[in-house]
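Trainee: This is the structure I have questions about; it appears just below.
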Amino acid sequence: MEVKQQMSPEQCQGMEDIRREIDTLDRAVIVLLGARFKYVLAASKFKTSAATVRAEERFKAMLATRRQWAEAEGLSADAIEKLYSDLVQHFIAEEMKHWQAAQAPA
């Protein structure tokens, strides 16, 4: 997804400009999270057990990578880890529901 900013932070002339650009970025982030969630649900068809849905080792590795990415962008690694931990825990719970529904006898 390409995000089309009307102006850079340095070009903003006031709070209206800043808020418009932040809203544009937030909208793009939410669209991307929606796309991510679709992949999470699609992954459930490849899982063979509740443990593979939870994928605890993958979860830990993913958080470590997100921390590295945050640091590279000059963001708080702790804040990004918390954000992703909360988000992915929610996604895992939803994936588990989806997986369990697929396991139920027809």
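Trainee: Separation between the A28 and A101 pseudo-spin-labels, each 7 Å from Cα along Cα→Cβ, expressed in nm?
Mentor: Each label point lies 7 Å from its Cα, and together they span 3.2 nm.
Trainee: Counting pairs on different chains as well as pairs 8 or more places apart, how many Lys pairs in the chain have Cα atoms under 25 Å apart?
Mentor: Close lysine pairs under the 25 Å cut-off: 12.
Trainee: Also, I was wondering about something else. Calculate the spin-label point distance for E73 paired with R20, positioning each point 7 Å from the Cα along the beta-carbon direction, and give it in nanometres.
Mentor: Using points 7 Å along Cα→Cβ, the separation is 2.4 nm.
Trainee: Residues with beta-carbon under 15 Å from that of K82, excluding K82: net charge, scoring Lys, Arg +1 and Asp, Glu -1?
Mentor: Working: positive: K60, R66, R67; negative: E71, D78, E81, D86.
Computed value for this residue: -1.
Trainee: Roughly speaking, what is the stretch gain from K4 to R58, that is 0.36 nm per residue apart minus the C-alpha to C-alpha distance, in nm to one decimal? Please report the intermediate quantities before stating the final value.
Mentor: Values: separation 54, 0.36 × 54 = 19.44 nm, distance 3.28 nm.
Difference between extended and current length: 16.2 nm.
Trainee: If you don't mind, there's one more thing I want to ask. Just to be sure I follow the definition: excluding the sites themselves, where is the longest run in the chain that has none of the GluC sites (Glu not before Pro) in a DSSP loop with at most 12 other Cβ atoms within 10 Å? Provide the component values of the computation, followed by the final result.
Mentor: On the way: sites that count: E2, E73.
Longest stretch, sites excluded: 3-72.
Trainee: Follow-up. Return the sequence-ordered ³J(HN,Hα) values of region 5-22 in whole Hz as given by the Karplus equation 6.51 cos²θ - 1.76 cosθ + 1.60 applied to θ = phi - 60°, using x for Gly and Pro.
Mentor: With coefficients 6.51, -1.76 and 1.60, one gets 7, 6, 7, 7, x, 5, 7, 4, 9, x, 5, 4, 5, 4, 5, 4, 5, 5 Hz.
Trainee: Provide the net charge surrounding Q11, with neighbours chosen by a C-beta distance below 15 Å and charges set as Lys +1, Arg +1, Asp -1, Glu -1. List each step's numbers first, then the result.
Mentor: Working: positive: K4, R19, R20; negative: E10, E16, D17, E21.
Summing Lys and Arg as +1 and Asp and Glu as -1 gives -1.
Trainee: Dividing the alpha-carbon Rg of the chain by 2.2 N^0.38 Å yields what?
Mentor: Values: Rg = 17.8 Å, N = 106, 2.2 N^0.38 = 12.9 Å.
The reported ratio for this selection is 1.37.
Trainee: Taking the Cβ-Cβ separation of Q13 and Q89 as r and a Förster radius of 35 Å, what is the calculated FRET efficiency to the nearest 0.05? Provide the component values of the computation, followed by the final result.
Mentor: Details: r = 41 Å, r/R0 = 1.16.
Efficiency, rounded to the nearest 0.05: 0.30.
A short reminder: the numbers here are calculations on the coordinates, not readings from a lab. Predicted, not measured: the structure shown is a model, and the values here were computed from it. Note that each Cβ is placed from the backbone with ideal geometry, even for glycine, and that neighbours are counted across all protein chains shown.
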